[in-house]
Amino acid sequence: MTALFSIRDLGMRFGGLLALDRFAMDVAPGSIHALIGPNGAGKSTVFNCVSRFCTPFAGDIVFDGRSLLAEPPHRIVRLGIARTFQNVELLDRMTVLENVLVGLTSHVPRYIDFLPGARRIAAERHAVRQAEETLDALGLLDWRHATAGTLDFGRQKVLDLARALASRPRLLLLDEPAAGLRNREIHQLDRLLVDLARQRGITIILVEHVMQLVMSVADRVTVLNFGHRITEGPPEAVRGHPAVVEAYLGRDAHA
Amino acid sequence: MLLSPLLAWVVPEYLLYIGNVLMMDAMLALGLDVLLGWSGQFAFAHIAFFGIGIYGTALLDMRAGVPFLLGMPLSALLAAAIGFVIALAAIRLRDVYLALATFAFALSMQWLIRTWDSLTGGPDGLRIAAPALFGIVVGTDRRAFVPMAMLLASMLAAMLHLTRSVLGRSLAAIRDSEHAAAASGIDVRRSKIAAFTISAFCAGVAGGSYTLFGSFIHPDDLGIWQLVQVLTMIVVGGSGSIGGVLLGVGLIGVLPELLRLAPAQWLVWQELAYGLILMLTVMFLPLGLRSVLRRNLRTTVPPRTRRGTPTMEHTAP
């Protein structure tokens, strides 16, 4: 199976720190591919390069046969790549519904503001309907008129995901979706991710520290430390890999 | 009994003057709020664009015989064009750097007006000739009132349209999180440039409207003090909302008139009063008075039970 998404020998530097060092990964279409590693390993930097918030000095990122490095940040979602954020980047003064409407931006033509009233209103109604479907699917419909910043943390994370899903992505980048969630919520997330990948065919790259979730949903796991790939493979093979045990538990645990 | 001297003093013409000033302030503040409240850009060049509107409209009329109905839009377009150019540089800056750079631009524009005295009258100020609308000379508060109301009404209509537009929503998204906005497909640079340009245009219109009832303009009227006044209006009422800005303009705009009733030796405290109001609001009511009025309306709505297959359902904590 050819990869839908490839990262090739990516190099990223922040001042004197080499954040990514010839990092590579290939993601198969329809799969859930976990990206794990200790804090500061460079996981979020990979996402930020894909989002084009960072520009790597070497390597390439290819989605569907097309290099992303030539694209500006706002074009990425138009190509079919959506993401969530580690610290939940909500539009916290806007309503829940407005957050999801912003997520639909890539499906709204840019000239819409200049259309005559009736057509504009029709387009807006259509967008609201789509946003409400997304909210309904994620159980947030009853909160649609609430200000996003007033939601509890679990719902804020779901809303971040709803905003990303509204763009109907082919590739979804999730940055620690389980962080801060309670056990029951993690189980629901588990089912949701599998559902998105298997039912809707969305390819998922999952950055996550909650190993229970990674081991349960991932088809493949890439382990990153100090900016380069330590190992990659199916979850059960990666779990016992000495370098992984060392990176997560320290040298003594391995010995 | 107590009110009678007041009523005798506040003649209708004077009330109309206050009304005109408030309507001009409202246009000025609504324009600045496009940047501050909607896009979250702390840019303070606004007072310069206001000046371009005043001097542009007045000078086009007096020196070139361009009538108000053409001169005012031309001046506003000039303000917008300069705003666009400023934006090209300003989108690279943020926070305090953006505030400083744009404020420096406002001060340099004030300096230019003060220095270019062959055109602007320089430090002597400029006596504004009353413009004519459809052959009728305006110039008085009574005659300016209706045209002012029409200008404000058009700007309010435009602002309402903006708040409901995709651009308006994009700007609000940029204010709350540039990263989430960009990752959702919003062109952050283009939206910010649009906000700067629209904001400058509004300031130009507000400035042009001053020539309808104002008879004199001095470069000192385009400094930090005027900027603080507009800022206070926006912050006290509630930035990012048309209603909030209008509320702030109403409350803060009448303050100088109320202070006029105070003994003369109190007037020196006026600027301090604004500073204090601004500080206290920012500290205790960062979203303005409007947030108090609306607090009960926009909190979390309790969930109703609904059928369906929610994949991730939460119970209230």
Odd one out for A:Arg163 among (1) crowded, with 23+ Cβ neighbours inside 10 Å; (2) basic (Lys, Arg); (3) out of contact with any helix residue (DSSP H, G or I) (no Cβ under 8 Å at 6 or more places or on another chain)
(3)
Does any residue in the range A:176-191 that is within 12 Å of A:Lys157 (Cα to Cα) come within less than 9 Å, Cβ to Cβ, of a residue that is of a type in the set (Asp, Glu) and assigned to a helix (DSSP H, G or I) six or more places away or on a different chain, and which pairs are these?
A:Pro177/A:Asp160; A:Ala178/A:Glu185; A:Ala178/A:Asp190
In the set B:Ser191, B:Ser199, B:Ser177, the lone residue that is facing chain A (nearest Cβ under 8 Å) and of a type in the set (Ser, Thr, Tyr) is B:Ser177
Give the range A:182-195 a look and list any residue that's under 24 Å from A:Phe5 (Cα atoms) and within 9 Å of chain B (Cβ to nearest Cβ), or say none.
A:Leu189, A:Arg191, A:Leu192, A:Asp195
Output the qualifying pairs, or none if there are none: Cβ atoms under 9 angstrom, residues six or more apart or on different chains, first residue in the range A:56-81 and away from chain B (no Cβ under 14 Å) and closer than 18 Å to A:Ser44 by Cα, second residue among the β-branched types (Val, Ile, Thr) and in a loop (DSSP other than H, G, I, E, B).
A:Leu69/A:Thr55
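Yes/no matrix, rows are residues, columns are (1) among the aliphatic types (A, V, I, L, M); (2) over 15 Å from B:Met23 (Cα atoms); (3) out of contact with any strand residue (DSSP E or B) (no Cβ under 9 Å at 6 or more places or on another chain):
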site: B:Ser241; (1), (2), (3): no, yes, yes
site: B:Gly248; (1), (2), (3): no, no, yes
site: B:Gly253; (1), (2), (3): no, no, yes
site: B:Leu272; (1), (2), (3): yes, yes, yes
site: B:Val282; (1), (2), (3): yes, yes, yes
site: B:Leu289; (1), (2), (3): yes, yes, yes
Filter the range A:146-176 for residues that are acidic (Asp, Glu) and within 10 Å of chain B (Cβ to nearest Cβ); the one that is nearest to A:Gly201 (Cα to Cα) is A:Asp160
A careful count of residues in the range B:161-174 that are touching a residue at least 12 places away in the same chain (Cβ under 8 Å) and either within 18 Å of A:Val128 (Cβ to Cβ) or at the interface with chain A (Cβ under 7 Å from one of its Cβ atoms) (or both) gives 6
Could you go through the range A:61-73 and let me know if any residue there is buried (at least 18 other Cβ atoms within 10 Å of the Cβ), at positive phi and of a type in the set (Gly, Ala, Ser).
no
Residues in the range B:147-155: is at least one of a type in the set (Gly, Ala, Ser), in a helix (DSSP H, G or I), surrounded by fewer than 20 Cβ atoms within 10 Å (Cβ to Cβ) and touching a helix residue (DSSP H, G or I) at 6+ places or on another chain (Cβ under 7 Å)?
yes
Of the listed residues (A:Ala237, A:Ala179), the one being more than 10 Å from chain B (Cβ to nearest Cβ), at pLDDT below 95 and part of a loop (DSSP other than H, G, I, E, B) is A:Ala179
Regarding A:Arg52, is this residue in contact with a Pro (Cβ under 6 Å, 6 or more places away or on another chain) and either at the interface with another protein chain (Cβ under 8 Å from one of its Cβ atoms) or modelled with pLDDT of 90 or more (or both)?
yes
Those residues of the range A:133-145 that are at the interface with chain B (Cβ under 8 Å from one of its Cβ atoms), out of contact with any Pro (no Cβ under 9 Å at 6 or more places or on another chain) and assigned to a helix (DSSP H, G or I) come to a total of 0
Qualifying positions in the range A:182-229 - part of a loop (DSSP other than H, G, I, E, B) and in contact with a His (Cβ under 8 Å, 6 or more places away or on another chain)
A:Ala218, A:Asp219
Restricting attention to the range B:202-228, report how many residues are surrounded by fewer than 22 Cβ atoms within 10 Å (Cβ to Cβ) and not small (Gly, Ala, Ser).
9
Here are some residues: A:Val210, A:Val221. Which one is β-branched (Val, Ile, Thr) and over 27 Å from A:Pro56 (Cα atoms)?
A:Val210
Do we find a residue being aliphatic (A, V, I, L, M), under 15 Å from A:Leu172 (Cα atoms) and in a helix (DSSP H, G or I) anywhere in the range A:40-57?
yes
Looking only at the range A:88-132, count every residue that is without any contact (Cβ under 8 Å) to a residue 40 or more places away in the chain, part of a loop (DSSP other than H, G, I, E, B) and facing chain B (nearest Cβ under 10 Å) and tell me the total.
2
Hey, among B:Arg127, B:Arg142, B:Arg164, which residue is more than 30 Å from A:Leu173 (Cβ to Cβ) and in contact with a strand residue (DSSP E or B) (Cβ under 8 Å, 6 or more places away or on another chain)?
B:Arg127
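The values are calculated or read from the model by the stated rules, or taken from the named source; none is laboratory data. Note that the coordinates shown come from a computational prediction; the quantities given were computed from them, not determined experimentally. Reconstructed Cβ throughout: ideal geometry from the backbone, glycine too, with neighbour counts over all protein chains shown.
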